[in-house]
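Read the structure below first, then the notes.
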Amino acid sequence: MRMESMELQHVVFETEEKGRVDAMWSDVRLHAGDIPDGWHRYAVRGGDDGWEPCSIEPFVWVNHTADIITPVDLELDKHDRMLTIRDWWFDDEPFPAE
């Protein structure tokens, strides 16, 4: 049985490696059919002491907090395979145009 995606919410991450990353947040794991053409899916890992987001990775099994999608290819397969989150917040502003 496939769980339906919840409504996506605009989120902003400040990362050590790439600076600001705008994305759309889902509390549930997203499936390939949930991803719009030209967008990229990543997982957010929560810390060991709670769900507070600590990294963005290609996929997360343990401490999965959320899935995110973004039109920007974060190139995680070409680098260290994760971005360290310094700060993050939900943003009520419209998602920025490319």
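Kindly state, to the nearest 0.05, the FRET efficiency for Asp49 paired with His10, given R0 = 22 Å and r defined as their beta-carbon distance.
The value I calculate is 0.25.
How big is the chain by the Kirkwood estimate over distinct Cα pairs, in Å?
13.6
Under 10 Å, Cα contacts only: if you run a Gaussian network model on the chain, which one of Pro36, Pro58, Pro71 comes out with the highest mean-square fluctuation?
It is Pro36.
Specify the residue with the greatest mean-square fluctuation among Trp39, Trp25, Trp61, computed from a Gaussian network of the chain linking alpha-carbon atoms under 10 Å apart.
So, out of Trp39, Trp25, Trp61, the one fluctuating most is Trp61.
Please order Arg45, Arg20 by the number of other Cβ within 10 Å, starting at the fewest.
The fewest-first ordering by Cβ neighbours comes to Arg20, Arg45.
Bear in mind these aren't lab numbers, they're just calculated from the coordinates by the rules spelled out. Just so it is clear, the structure is predicted and the values come from calculations on it, not from any experiment. Quick reminder, even Gly has a Cβ in these numbers, built from the backbone with ideal geometry, and neighbours come from all protein chains shown.
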